[in-house]
Amino acid sequence: TTIACIFDLDGVLVDTAVYHYQAWKKLANSLGFDFSEAQNEQLKGVNRMRSLDMILNWGRVTKTAAEKEELATLKNSWYVDMINKMSVSEVLPGSLNLLKALKAQGIKIALGSASKNSGLILERTELAHFFDAIVDGNAVTTSKPDPEVFIKGAELLNAAAADCIVFEDAAAGVQAAIAADMAVIGIGTAANLPGADEYYKDLSAITVEGLINLVKSKHS
Ligand code: BG6
Ligand code: MG
């Protein structure tokens, strides 16, 4: 069985989900309201503008398109300040070992992220060289849960959807993988990520053999 792996970035390979949360929280606070950690879960995997729309809606705040552009840019400037200081130490447990094991076996690897900052993050964390294809927020027009990002990733890897495994920490991302007809490993819990094939707290317990077995069992 040939498999191909498509990794989400924020919250799967690197510990940036917390920076997104801090920056959005600061923006909401500056507008005079707050949102909960449960609400923050709903933002994961969702692109920048759509996230802003959800947050403004929670705060019952209405803004013009031009104002929204400014707010999104402000949030991103805070976020970029944080990721600019990142290093390899913020690569999540198990990520490096799994990427190395996949590479050693000749398994193709793609990035499937909503972020427009993926280039900077991959560079700061020294992960860029692992990827055979990169599909990020600059390359897609629709946000997860739409499957576009993963379908494009599979295309660039020349892989059939049935051979792809997606790694996701976001409910929207798990939905996108399901919509793409791909196997999906949830980094998190079944409560937060309904519909994934398997769940792990991080990538450290995942083996190449286990991934091959997952794809085989989905086929049968
Ligand atoms: C996703 C994050 O990976 O990227 C979301 O889970 C974020 O929280 C989205 O909104 C877009 O990121 P960026 O870096 O383009 O603002
Ligand atoms: Mg994520």
Would you pick out the residues in the range 110-140 that are outside any helix (DSSP H, G or I) and either at pLDDT below 95 or within 13 Å of the chain's Cα centre (by Cα) (or both)?
110, 111, 112, 113, 114, 115, 116, 117, 134, 135, 136, 137
Of the criteria (1) closer than 29 Å to residue 76 by Cβ; (2) assigned to a helix (DSSP H, G or I); (3) over 15 Å from the mean Cα position of the chain (by Cα), which one residue 153 fails
(3)
Restricting to the range 40-92, name every residue that is in a loop (DSSP other than H, G, I, E, B), out of contact with any His (no Cβ under 9 Å at 6 or more places or on another chain) and either within 30 Å of residue 126 (Cα to Cα) or aromatic (Phe, Trp, Tyr) (or both).
45, 46, 47, 84, 85, 86, 87, 92
Among (1) closer than 27 Å to residue 110 by Cα; (2) away from ligand 2 (no atom under 15 Å from the Cβ), where does residue 69 come up short?
(1)
For the range 26-44, which residues satisfy the criterion of being more than 16 Å from residue 57 (Cβ to Cβ) and either more than 15 Å from ligand 2 (Cβ to nearest atom) or surrounded by fewer than 18 Cβ atoms within 10 Å (Cβ to Cβ) (or both)?
26, 29, 30, 37
If the Cβ limit is 8 Å and pairs must be 6+ apart or interchain, which residue in the range 39-62 that is free of Cβ contacts under 8 Å to residues at least 60 places away in the same chain and more than 18 Å from residue 9 (Cβ to Cβ) pairs with which residue that is part of a helix (DSSP H, G or I) and within 13 Å of ligand 2 (Cβ to nearest atom)?
54/42; 54/43; 55/43
In the set 43, 13, which member is within 12 Å of ligand 1 (Cβ to nearest atom), within 30 Å of residue 106 (Cα to Cα) and either of a type in the set (A, V, I, L, M) or touching a Gly at 6+ places or on another chain (Cβ under 6 Å) (or both)?
13
Taking the conditions exactly as written (of a type in the set (A, V, I, L, M) and either within 18 Å of the chain's Cα centre (by Cα) or within 16 Å of ligand 1 (Cβ to nearest atom) (or both)), does residue 107 satisfy them or not?
no
So, in the range 6-22, of the ones that are out of contact with any helix residue (DSSP H, G or I) (no Cβ under 6 Å at 6 or more places or on another chain) and not polar (S, T, N, Q), which residue ends up farthest from ligand 2 (Cβ to nearest atom)?
18
What is the number of the single condition among (1) within 16 Å of ligand 2 (Cβ to nearest atom); (2) under 21 Å from residue 137 (Cα atoms) that residue 93 does not meet?
(2)
Out of 2, 64, report the one residue that is more than 15 Å from ligand 2 (Cβ to nearest atom), within 21 Å of residue 111 (Cα to Cα) and loosely packed, with under 15 Cβ neighbours inside 10 Å.
2
From the residues in the range 152-209 that are polar (S, T, N, Q) and within 13 Å of ligand 2 (Cβ to nearest atom), which one is surrounded by the fewest Cβ atoms within 10 Å (Cβ to Cβ)?
192
Over the range 74-115, the set of residues of a type outside the set (Gly, Ala, Ser), in contact (Cβ under 8 Å) with a residue 60 or more places away in the chain and within 18 Å of residue 22 (Cβ to Cβ) is 79, 82, 83, 86, 90, 92
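The values are calculated or read from the model by the stated rules, or taken from the named source; none is laboratory data. Note that the coordinates shown come from a computational prediction; the quantities given were computed from them, not determined experimentally. Counting neighbours? That spans all protein chains shown, and the Cβs are built from the backbone with ideal geometry, glycine included.
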